[in-house]
Each structure stands twice: as C-alpha cells, then as structure tokens.
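This report concerns only the one structure given below.
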Amino acid sequence: MNRKPPSTGSVTLEDVARVAGVSRATVSRVINGNTTVDPAMRELVERAVAETDYVPNRAARSLVTRRTDSIALVVSEAEQRAVADPFLGRMFTDPFFGRVVTGVMEVIRPRGVQLVLMLVDDAPSRANLVSYLRQGHVDGVVLICGHVADPLPRMLAEARVPAVLSGRPGRPTPISFVEADQRAGAALAVEHLVSVGRRRIATVTGPMDMPASQERLTGFREALAAHGLTEAGLVEGDFTQAGGAAAMRRLLSESPDFDAVFVASDLMALGALPVLGREGRRVPQDVALVGFDDSSAALACDPPLTTVRQPLEEMASRMAQLLLQQIGEPAEALQSAVFHPTLMVRESA
C-alpha cells in the first residue's frame, strides 16, 4: 500500500485507490457496499479510506446510484393480538428484536448504511409503508413477519422492493428469506427430555398462525412419535412472558399429569416457571423445562433455562448481507439460508 495520502484538496476515489494500490472501480464497489469484493481487497480499501480521511459525497452519489444508503427493519404484527400490551412496548422488551438489530448492524454499520425502524400492524399502515418504499426513501427491507395471513411479503414482492424475510414465508411468495430449522430444534428438545428420563412431555406452543410455531409443533410431535410417545398436554401461547404464565396455568388445569414441558420460547418459559413454583412443582425435579431461542430470558429464569439456541445474530447478519446483494445486483436470483439450532443445557432440564 502507498503510505502517502494526499495532503491538500478534497480526497477523491482516485486518491483512495492510489493509496490502497487498487483500481478506482474496486474502491467504488467497497464504498457502495458491494458484498462480493474479496475480503483482502476490502481491508486495503477500508484502511486507505481511514488514512486519507475520505468522506463520500452522499448527495452526489445518490443522484447517480439512486440509493439512500439506508435500509428499513420492518416489523409486521397481526391486527388482532392475544395480548393487550402495546405493540411498540413489546418491540423494545422482547429480546428477539434486540438480537436481530445487533446482527443487522454488524453488517451495515461498517458500510455506512443507516437503519430505519418501521412498525406496521394494520391495512392502512401496510399501504403507507409500501407507498413510502416505492418512493425510494430506503433501499430495501429486512422484514420480520411471522403470521401466515400477513399480506406484506406478497405486497413487497409485487412492488419489486428489495427485501429479505426473517423465516420462511407462510405462503408461496417470491422473496428471499433466512430461517432456522424449527423442526430440528424442537426435536433436540424432545431428545434431551427423553434422555433424562421424561416420558409425559407436554408443550406450550407459539401462536398457531405462525409458520415457526407450526414447524416447532410438528418437530415436537415427530420426535415424540419416534420414541413411541404422544404429547401429555398442549396449550397455545403467544410468545410473551404473560402469555407463558397464562398458558402454564391452563396446562396445569387441563392436563396436569406431565413430567416435562417444551415451551416454544424462552420468554414464555420465564412466565411459566413461577406458575409451576406456586403449584408446588419443582423444576427440574418434578417438571423438566426446555425453552426455545437462547435469549437473555433463558438466563433470567430460576433455575437457568435449558433451551434450543437459534443463532439470531448470525441469521440477522445473513439477512442484511442478502439484502445488500439484492440492492447492488437487482437481477440476482432470490436466495435463502437455513441455520441449524443447537441445544444449550442448563439447570431446568
């Protein structure tokens, strides 16, 4: 690398290229967030940018590229929810969303791309969102949308907005997505519970209009069947702490003869644990408990929760990478990525 950055005047792409010892085109690709640049070349350019104090002219570049250097993280929620607490409040208290933001930021921050948070939960807000996106206010969307009936993935596809979905779409839709193998995760939970001697295994599911919940239940039942077992009880939850408490109260009332419970989210397990304690059910002596996610809620449980880890930060980073690829190469084919869960064994099972 040429270690003599320019000493006078505005720093140009050519100056950065000369210091890095690469072509102007390579510098442009790095600065524009192209993810196909060789990592070694990218490092040379990033060091040269730092040495020369190069500052991109965002306004001028946007006129040429028609890009805003910003993406939206859109969270789409169902219009009718089982819980009354505000959507925005749950957004900032559920560990899931913080982990997604962390993973996205790891990818876009070094590239100078800004993140815009957008929440939609009804038909007017969805229509406003699509109008906003069509006007080019952001370059693309990372979409968190878990309900089968939600029309937003289809609306984005029809609007030809670059987008990557968190989780497999509930209905056939031409959209890129990143997911964890939900069935395999639920099977890990069952295999562990069976290995520690549990045979009367119940479950608290997530909302059954969500593909992830459906897949976890299918994996749970398939793993039980492989051991000649059937579920000892089933109650639908809503992926909230309060919902987990309510579901456990109902499970104890309707199907009390269980020695283990697979709870389909850590946050619900956090709500379920005190209910078991008040009913005199010791964890794990009387009831073994396994959650799903490996979020901060798992460590907040007492005892600490055995749980299925889905690598949300890594998944979110992959969503951001796929989105930047779409933005940089609009003609590229749609892509998907599937991550494999692991079991984190702690004291609850």
Discussion item. Can you tell me which of (1) in a loop (DSSP other than H, G, I, E, B); (2) open to solvent by 10 Å² or more (accessible area, probe 1.4 Å); (3) farther than 21 Å from Ala149 by Cα is the one Leu273 doesn't meet?
Written reply: (1)
Worksheet item: What's the number of the condition Gly136 fails, among (1) open to solvent by 30 Å² or more (accessible area, probe 1.4 Å); (2) modelled with pLDDT under 90; (3) within 18 Å of the chain's Cα centre (by Cα)?
Response: (3)
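Is it the case that some residue within segment 258-269 is over 22 Å from the mean Cα position of the chain (by Cα), surrounded by fewer than 17 Cβ atoms within 10 Å (Cβ to Cβ) and not in a helix (DSSP H, G or I)?
Initial filter on segment 258-269 (over 22 Å from the mean Cα position of the chain (by Cα)): 258-261.
Pick out the ones that are also surrounded by fewer than 17 Cβ atoms within 10 Å (Cβ to Cβ) and you get none.
No.
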Worksheet entry | In segment 294-311, residue farthest from the chain's Cα centre (by Cα) [restricted to those that are assigned to a strand (DSSP E or B) and closer than 18 Å to Ala202 by Cα] | Thr306
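The rows are residues; the columns are (1) under 14 Å from the mean Cα position of the chain (by Cα); (2) open to solvent by 30 Å² or more (accessible area, probe 1.4 Å); (3) modelled with pLDDT under 95.
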{"position": "Cys145", "(1), (2), (3)": "yes, no, yes"}
{"position": "Ala149", "(1), (2), (3)": "no, yes, yes"}
{"position": "Arg154", "(1), (2), (3)": "no, yes, yes"}
{"position": "Pro174", "(1), (2), (3)": "no, yes, yes"}
{"position": "Ala184", "(1), (2), (3)": "no, yes, no"}
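Residues Thr102, Thr65, Thr93: which one is hydroxyl-bearing (Ser, Thr, Tyr), open to solvent by 40 Å² or more (accessible area, probe 1.4 Å), within 25 Å of Ile327 (Cβ to Cβ) and modelled with pLDDT under 85?
Details: Thr102 fails: modelled with pLDDT under 85; Thr93 fails: within 25 Å of Ile327 (Cβ to Cβ).
Being hydroxyl-bearing (Ser, Thr, Tyr), open to solvent by 40 Å² or more (accessible area, probe 1.4 Å), within 25 Å of Ile327 (Cβ to Cβ) and modelled with pLDDT under 85 holds for just one of Thr102, Thr65, Thr93, which is Thr65.
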Worksheet item: Would you call Leu229 surrounded by fewer than 24 Cβ atoms within 10 Å (Cβ to Cβ) and either basic (Lys, Arg) or assigned to a loop (DSSP other than H, G, I, E, B) (or both)?
Response: yes
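The values are calculated or read from the model by the stated rules, or taken from the named source; none is laboratory data. These numbers come from a predicted model, not from an experiment. Neighbour counts run over all protein chains shown; Cβ positions are idealised from the backbone, glycine included. The protein model used for the area step is the full one, side chains on, heavy atoms only, and it has no ligands, DNA or RNA in it. Shrake-Rupley method; radii C 1.70, N 1.55, O 1.52, S 1.80 Å.
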